[in-house]
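K.L.:
Attaching a single structure in structure tokens format; questions to follow.
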Amino acid sequence: MTKNKKATSSAEKYNHAQYHNNLSSHLERFVNYLQYTKNASERTIENYTLRINRFIEYIGDIEVDKIKMIHIQDFRTHLIKQGLSQKTVNYHAVGLRSFFKFLLRNDIETLSPEKVDLAKIAPRKISYLTEDQVHQILEAPAIFEKNPLKILRDKAILATLYGTGLRVTELISLRISEIKLSEDQFSVIGKGSKLRSVFLTQDAKNKLKEYITSRSNPSEYLFISLSGNSYGKPLSRNSIEQLVKKYASMVGIDEKVTPHTLRHSFATSLLRRGADIRSVQALLGHSSIQTTQIYTHVDDKYLQKVHNLLEQNDE
């Protein structure tokens, strides 16, 4: 009898919770859906939560069936006035679309996601380095760093970023056990929790071997901090970004250089050497070929060389 009462009590609590139709209550359900059903990454969940919470802060915690297109339009205008780029505003729109789709899929009345348009934005300009610039950055730790282990670590980081095309979030998640120095490849779980194979250049392999064999810290993570209170902890995204920026500046490269610049350079170098775009897509871990197509840019000097083929006589 007591057991039945407990069961009834739990059901009543659950049913009571179902009646909350405001934005914040459904956002909590949406986050649970992303985490437990879609197995979305922590970063994806954080981004969706941040963007939808911004919407709630702007229009208030209203019931989801009261949302109108005018709310969306006013919110978009508000974000622009706050100084956000059109691209970032589109990210908010994508988050709201996904949220509304989730609600409708669960028979909860709300605004149609198809009504939430994305603004047209200019194709993004891809920054990449020449092979000479890449070489200078890869050798910079040996010239400018004094700590022997930091030299080995930093050379391994730079060679791995450029030699594999890894995203910085993939790089900082690497564990020593995942790197088999007797092999030329390993696997990573990338964007969208998708598993893909990553291949090592001989240069990256050699530098990883030097670094790993010289390291004594027991941390399972491959790239760790070698300074102060953070010693032994995995390097953060920001740490890698600062490291790349520092060495680029030290070798005299004025433009902004990030870990993603090395990824761009990796893709550009492959395409210039004749790699087909589908293979580059697989190496970069892109779901859509359209994303990879942004790397098919070439500079004027390269185009001139291609055009000069017309001047060559047939043999």
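K.L.:
Can you tell me which of Pro218, Pro259, Pro141 moves the most in a GNM of the chain? Springs connect C-alpha atoms under 10 Å apart.
P.N.:
Pro218
K.L.:
For Leu129, list long-range residues whose amide hydrogen, built 1.01 Å from N in the peptide plane, is under 5 Å from its own amide hydrogen.
P.N.:
Close amide H contacts, sequence-distant or interchain: Ser265.
K.L.:
Which angle from 0 to 90°, rounded to the nearest 10, does the C-alpha axis of helix 202-214 make with the longest principal axis of the chain?
P.N.:
80 degrees
K.L.:
Still on this structure, I have one more. Spelling out what I want: for every residue of region 74-91, take phi, set θ = phi - 60°, compute 6.51 cos²θ - 1.76 cosθ + 1.60 (Karplus), and round to whole Hz; glycine and proline get x.
P.N.:
5, 5, 4, 4, 4, 5, 4, 5, 7, x, 6, 6, 4, 5, 5, 4, 4, 4
K.L.:
Rounded to the nearest 10 degrees, what's the angle between the helix 237-250 long axis and the longest principal axis of the chain, both from Cα atoms, 0 to 90?
P.N.:
30 degrees
K.L.:
Same structure again: Which one of Phe100, Pro148, Ile137 has its Cα pushed farthest toward the positive end of the charge dipole of region 93-150, where Lys and Arg give +1 and Asp and Glu give -1 at the Cβ?
P.N.:
Among Phe100, Pro148, Ile137, the one farthest towards the positive end of the dipole of region 93-150 is Phe100.
K.L.:
Nearest 0.05, what FRET efficiency do Lys125 and Lys233 give at R0 = 45 Å with Cβ-Cβ as r?
P.N.:
Between Lys125 and Lys233 the formula returns 0.80.
K.L.:
Further, regarding this structure: Could you give the nm distance between label points at Lys146 and Tyr33, where each point is 7 Å from its Cα heading toward the beta carbon?
P.N.:
5.7 nm
K.L.:
Another question, if that's okay. Name the shape class, rounded, prolate or oblate, that the alpha-carbon gyration tensor gives for region 131-300, where a ≥ b ≥ c are the square roots of its eigenvalues, rounded holds for a/c under 1.5, and otherwise prolate holds if a/b is larger than b/c and oblate otherwise.
P.N.:
Taking the square roots of the gyration eigenvalues as a ≥ b ≥ c, region 131-300 is oblate.
K.L.:
Tell me, what does the Kirkwood hydrodynamic radius of the chain come to in angstroms if you use every pair of distinct C-alpha atoms?
P.N.:
So the Kirkwood estimate lands at 23.2 Å.
K.L.:
Over the alpha carbons of region 130-189, what is the largest minus smallest coordinate on each principal axis, giving the biggest first in Å?
P.N.:
32, 28, 23
K.L.:
Apply the Karplus curve 6.51 cos²θ - 1.76 cosθ + 1.60, θ = phi - 60°, to the phi angles in region 183-200 and return the couplings in whole Hz, x for Gly and Pro.
P.N.:
10, 9, 8, 8, 10, 10, 9, x, 4, x, 6, 9, 7, 9, 8, 10, 10, 9
K.L.:
Which is the longest part of the chain that has none of the chymotrypsin sites (Phe, Trp or Tyr not before Pro) sitting in a DSSP loop with at most 13 other Cβ atoms within 10 Å?
P.N.:
The reported range is 20-230.
K.L.:
Next question, about the same structure. Can you give me the Cα centroid spacing of region 51-123 and region 128-191 in angstrom?
P.N.:
39 Å
K.L.:
What residue among Gln290, Ser249, Ser279 has its Cα farthest toward the positive end of the dipole of region 205-310, where the charges are +1 on Lys, Arg and -1 on Asp, Glu, each on the Cβ?
P.N.:
Ser279
K.L.:
For region 201-250, rounded, prolate or oblate, judged on the Cα gyration tensor with a ≥ b ≥ c (square roots of eigenvalues), a/c < 1.5 rounded, else prolate if a/b > b/c?
P.N.:
Oblate shape, in that a/c is at least 1.5 and b/c is the bigger or equal ratio.
K.L.:
Here's something else I'd like to know. Given Cβ point charges of +1 (Lys, Arg) and -1 (Asp, Glu) and nothing else, what value in debye, to the nearest 20, does the dipole of the chain about its Cα centre take? Intermediate results must be reported in sequence, preceding the final value.
P.N.:
Working: 46 positive and 34 negative charges, 205 e Å.
Using only the charged Cβ atoms, the result is roughly 980 debye.
K.L.:
Under the rule a/c < 1.5 gives rounded, and otherwise a/b versus b/c splits prolate from oblate, where does region 19-115 land using the Cα gyration tensor?
P.N.:
Details: a/c = 1.77, a/b = 1.19, b/c = 1.48.
It is oblate, given that a/c is not under 1.5 and a/b is not larger than b/c.
K.L.:
Can you pull out the trypsin sites (Lys or Arg not before Pro) in region 134-231 that DSSP calls coil and that have at most 13 other Cβ atoms within 10 Å? Walk me through the numbers on the way to the answer.
P.N.:
Values: sites: Lys146, Lys150, Arg153, Lys155, Arg167, Arg175, Lys180, Lys191, Lys194, Arg196, Lys205, Lys207, Lys209, Arg215; in loops: Lys146, Arg167, Lys180, Lys194, Arg215.
Sites meeting the loop and neighbour criteria: Lys146, Lys180, Lys194.
K.L.:
On to the next question. Do any trypsin sites (Lys or Arg not before Pro) in region 228-270 lie in a DSSP loop with no more than 14 other beta carbon atoms within 10 Å, and if so, which?
P.N.:
Listed in order of number, the matching sites are Lys256.
Just so you know, all these numbers are worked out from the coordinates, no wet-lab data involved. What you see is a predicted model, and the numbers here were worked out from it, not measured in a lab. Quick reminder, even Gly has a Cβ in these numbers, built from the backbone with ideal geometry, and neighbours come from all protein chains shown.
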